[in-house]
Amino acid sequence: MEEVMKKNRTVSAEEMERQKEYIARILAENERYLAENGSRPRAFVLTLGCQQNEADSERLAGMAVAMGYEMTDTPEEARLIMVNTCAIREHAEQRALSLVGQYKHLKAKNSELIIVICGCMVVQEHRINDIKFKYPYVDILFGTSSIHRFPEFLYEKQRRGRRILRSDETEYLVAEGIPVHRESSFRAWVSVMYGCNNFCSYCIVPYVRGRERSRRRDEIVAEVRTLVAEGYRDITLLGQNVNSYGKDTGENCDFADLLAELDKIEGDYWIHFMTSHPKDASRKLIDVMAGSKHMARHFHLPMQSGSDRVLRAMNRRYDFEKYIGIVDYIREKMPDAVITSDIIVGFPQETEENFEATLTALGRARFDMIYSFIYSPRKGTPAAEMEGQIPAAEKSRRFERLLAVQNEISLGANQPMVGKTIRVLCDGISKNNKLVYSGRSEGGKIVFFEGEPSDTGNFLAVTIERAEPFALYGTVNR
Ligand code: 5AD
Ligand code: SF4
């Protein structure tokens, strides 16, 4: 049984070998380029969307580096541009299209440039047509299920010159062994499962990332062990719904079991994970976290709405009572746990009263932070077809009210941190204010402090002196 499962869910070793051959062929070409030009051809990858996409982009970059490219942050100097798109909201799609639009002039200047578009947006038929007809200078398009075949597509494009627009991949599998080029030397993403079976009525993800499939436990354990040995300090396990981990592997290892296994790896590191679906966030999982050494006391648990009627219409399969029961249990077991959430405002037919139920729920749940979103209709999802779509102005008004309520709560959650000394993983000089360093607490809160170059990538003890809704300020104990 297990053999059958493995065979069905994982891209075959032969297929991965085939891709390695394409990698070797392109590498040989790029070595010739290096000999002639004195430098490697450059590759640029632009990522939109969630952490899963960031993880995928590190695979795209990994393949590019294996093929002899050197990564660059400057699209102008690239011979290979990859745009990894997102489909979760209209705004993300418009950004991807506008960025791809900006690359048209680069192609006009450099006919050798190859432009690749991939990711969630271009799994959708209407977007494939957009690219096909309105963006003729895009050379290669492929969906989320074909990422491991990127070397083959690139080779075929270079050899035959024809555009490659792949839309016919219907089977979603796990691909092991794709090279990874990680952005950071101390924070890493590790996908544990892909896809989603939940079909929340607003969400495009199940349509663009396929059904749930999990990586095998040993693959994950080996990857995390290597990362810890390489000095990674913060490892985030990724999946659209990590609580479903292991349902398809036949290994009798659920997500809590996986965490318990990972926790045995010796070293000084944190493990984070996202995202959990409240409908199956188990007590067992919370118990394992509470008893673990390396699991960060941080729970991201999207609530989406505080109204039972809206939750039903969203097909979330829990009500507020069940939701808050999980929150209470987390706090009972881990009183200092940081709990964050996602909220959507302006779902079709959301009444003023329903919206106020969400505000009340925020007051009860007292999240440390929320990611709030204005509902964006996605073509092909049930909610997009529902009557009673909320006008944009009303959605924005609710959004502003939501933020104001949560700001107060976040500030209230951060203030008790003042005077405490906490562990912070330093990210280096802050991107927005070059005078200070920034890092993140175990719960993922942003902390600013005066740092030193050698702090980057290390754990520091920081005494908090000031709190704002979205940040803490403190001094490093040296
Ligand atoms: N409109 C607005 N927000 C959405 N999300 C998912 N789909 C939509 C949509 N159509 C939000 C949910 C999810 C987060 C990743 O994005 O809150 O948890
Ligand atoms: Fe989308 Fe719901 Fe799946 Fe999350 S659980 S990816 S919101 S369908």
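So if I take the centroid of the Cα atoms in segment 36-85 and the same for segment 226-285, what is the distance between those two points in Å? Answer, in whole Å: 28.
Summary of the geometry: segment 415-478 and segment 127-179, compared by the centres of their Cα atoms, lie 42 Å apart. Pair-distance distribution P(r) for the chain, from all Cα-Cα distances in 20 Å bins starting at 0: 22, 55, 23, 0 percent. Sorting 118, 203 from the fewest to the most surrounding beta carbons within 10 angstrom yields 203, 118.
Return the FRET efficiency for the residue pair residue 317, residue 434: r is the Cβ-Cβ distance, R0 is 35 Å, and the value is rounded to the nearest 0.05. E(calc), rounded to 0.05, equals 0.15. Based on the Stokes-Einstein relation at 37 °C and a viscosity of 0.692 mPa s, and on the Kirkwood radius from alpha carbon pairs, segment 424-478 is assigned a translational diffusion coefficient of 305 µm²/s. Only one residue of 99, 69, 46 has its Cα farthest out toward the positive end of the dipole of segment 2-165, where Lys and Arg carry +1 and Asp and Glu -1 on Cβ, and that residue is 99. The residues 121, 71, when put in order of fewest to most other Cβ atoms within 10 Å, stand as 71, 121. What you get for segment 187-416, charging only the Cβ of Lys and Arg (+1) and of Asp and Glu (-1), is a dipole of about 320 debye around the Cα centre. Of all lysines in the structure, the ones whose alpha carbon falls short of 25 Å from that of residue 247, not counting any fewer than 8 places away in one chain, are 6, 7, 264, 279, 284, 322. A simple spin-label model places pseudo-atoms 7 Å from Cα toward Cβ; at residue 29 and residue 156 they are separated by 1.4 nm. The stretch between residue 91 and residue 405, if pulled fully straight at 0.36 nm per residue, gains 110.6 nm over its current Cα-Cα span.
For a straight C-alpha distance cut-off of 29 angstrom, the lysines reachable from residue 134 (same-chain residues fewer than eight places away being disregarded) are 104, 107, 109, 157, 379.
Modelled this way, with points 7 Å down the Cα-to-C-beta line, the labels at residue 126 and residue 74 are 3.9 nm from one another. Counting only Cβ charges, +1 for Lys and Arg and -1 for Asp and Glu, the dipole size of segment 373-478 around its Cα centre is about 100 debye.
For segment 2-165, a/c is not less than 1.5, where a ≥ b ≥ c are the root eigenvalues of the C-alpha gyration tensor, and a/b does not top b/c. That puts it in the oblate class.
Ordering 320, 273 from the fewest to the most neighbouring beta carbons within 10 Å gives 320, 273. In units of the rule-of-thumb radius 2.2 N^0.38 Å, segment 346-440 shows an alpha carbon radius of gyration of 1.46.
The simple Förster model, with R0 at 35 Å and r as the Cβ-Cβ distance, assigns residue 342 and residue 454 a FRET efficiency of 0.45. Listed by chain and number, the aspartates and glutamates placed with their C-alpha closer than 20 angstrom to that of residue 395 are 90, 93, 308, 342, 350, 352, 353, 356, 385, 387; residues fewer than eight positions away on the same chain are left out.
Each value in this text was obtained by applying a stated rule to the coordinates, not by laboratory testing. None of these values were measured; they are calculated from a predicted model. Here Cβ is always computed from backbone atoms with ideal geometry, including for glycine, and neighbour counts include all displayed protein chains.
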